[in-house]
Structure formats: structure tokens, C-alpha cells
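To start, the structure under review is shown below, and the notes come after it.
The values are calculated or read from the model by the stated rules, or taken from the named source; none is laboratory data. Bear in mind the structure is a predicted one, so any value in this text is a computation, not a measurement. For neighbour counting, all protein chains shown are included, and Cβ atoms are generated from backbone atoms with ideal geometry for every residue, glycine included.
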Amino acid sequence: MNIDLEKIKNTLKIFVDTHLPDVYCACLTGSVVDHTFNDESDLDLWVISYKRDYSFHETFIREGLKIQVTHIPFSKVDEILWLDYFTRSGTYLGAFANKKGPFIELCFRF
């Protein structure tokens, strides 16, 4: 499937501005970054929030796209990444490793 990353980024920026006002930055991960996105894929979006003090996930549908949001509190980023590293679970760090695409270009700040 041929995807338009700029269109997806613009849709996500509008979505975040509208629905997630306390976001510091957002990063697109998963199948879009791995270039395996298809008609049944969701958009995995990590958002770092100022006002949250716990991590959680929620799903939205916007313009025909399924958006899976992982909220990460800014105050706990270091704790979450260290725990991920020491337990070797790779839940968060794995999303940054071995990506084929320009991951950094898929992060945007608000």
C-alpha cells in the first residue's frame, strides 16, 4: 500500500491539537515507520504529556484511520525507559530500534 506520510502527519497534528491539548511531542511508530502499513493497520502514536502522571492507551478513529495512542507522562519518561531496559521487555525501546524509515522525521513537537 502506498501511503502519504505528509497527509498522515497533518491529520495526526490536527488530531493531537484538537483532542490532546497537553501534549509536548508525539512520535509515530509501528507499521508506518517499518513500511509494513496496510489497509488493516492502525497508526501507533506515542504522545508525551505534561499533565498526565501515568501511562495508558486509547484508540480513536479519525478520517478513516485507526489511531492507537500511548500516553507517556513527561515526568516519568526516564523511569519508563530505564525499567524497559533493565527488565529487557523492549516495549518502548524496541519501537526505536531497527527501524527502516526516518523515525525522527515522524516526531513532531507542539
| said: Return the residues of region 45-63 that are more than 20 Å from Leu5 (Cβ to Cβ) and either part of a loop (DSSP other than H, G, I, E, B) or touching a Ser or Thr at 6+ places or on another chain (Cβ under 6 Å) (or both); say none if nothing qualifies. | reply: Tyr50, Lys51, Arg52, Asp53, Tyr54, Ser55, His57
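Any chance you could count how many residues in region 60-75 are surrounded by 10 or more Cβ atoms within 10 Å (Cβ to Cβ) and either over 16 Å from Thr29 (Cα atoms) or not aliphatic (A, V, I, L, M) (or both)? Reasoning before the result, please.
Start the filter on region 60-75 by keeping residues that are surrounded by 10 or more Cβ atoms within 10 Å (Cβ to Cβ), which leaves 60, 62-63, 65-75.
Subset that is either over 16 Å from Thr29 (Cα atoms) or not aliphatic (A, V, I, L, M) (or both): 60, 62-63, 66, 68, 70-71, 73-75.
Final tally of qualifying residues: 10.
Please enumerate the residues belonging to region 1-12 that are surrounded by 17 or more Cβ atoms within 10 Å (Cβ to Cβ) and of a type in the set (S, T, N, Q).
First, pick out the residues of region 1-12 that are surrounded by 17 or more Cβ atoms within 10 Å (Cβ to Cβ): 8-9, 11-12.
Hit for region 1-12 is Thr11, nothing else.
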| Residues of region 1-36 classified as touching a residue at least 40 places away in the same chain (Cβ under 8 Å), out of contact with any strand residue (DSSP E or B) (no Cβ under 6 Å at 6 or more places or on another chain) and hydroxyl-bearing (Ser, Thr, Tyr), total | 1
| task | Would you tally the residues in region 7-50 being over 26 Å from Ser75 (Cβ atoms) and hydroxyl-bearing (Ser, Thr, Tyr)? | result | 4
| note | Of those in region 64-110 that are part of a loop (DSSP other than H, G, I, E, B) and among the polar types (S, T, N, Q), the residue modelled with the lowest pLDDT is Asn98
| request: Hey, could you check region 13-36 for residues that are surrounded by 19 or more Cβ atoms within 10 Å (Cβ to Cβ) and touching a helix residue (DSSP H, G or I) at 6+ places or on another chain (Cβ under 8 Å) and say which is modelled with the lowest pLDDT? | output: Val33
| query | In region 6-33, how many residues are among the hydrophobic types (A, V, I, L, M, F, W, C) and in a helix (DSSP H, G or I)? | reply | 7
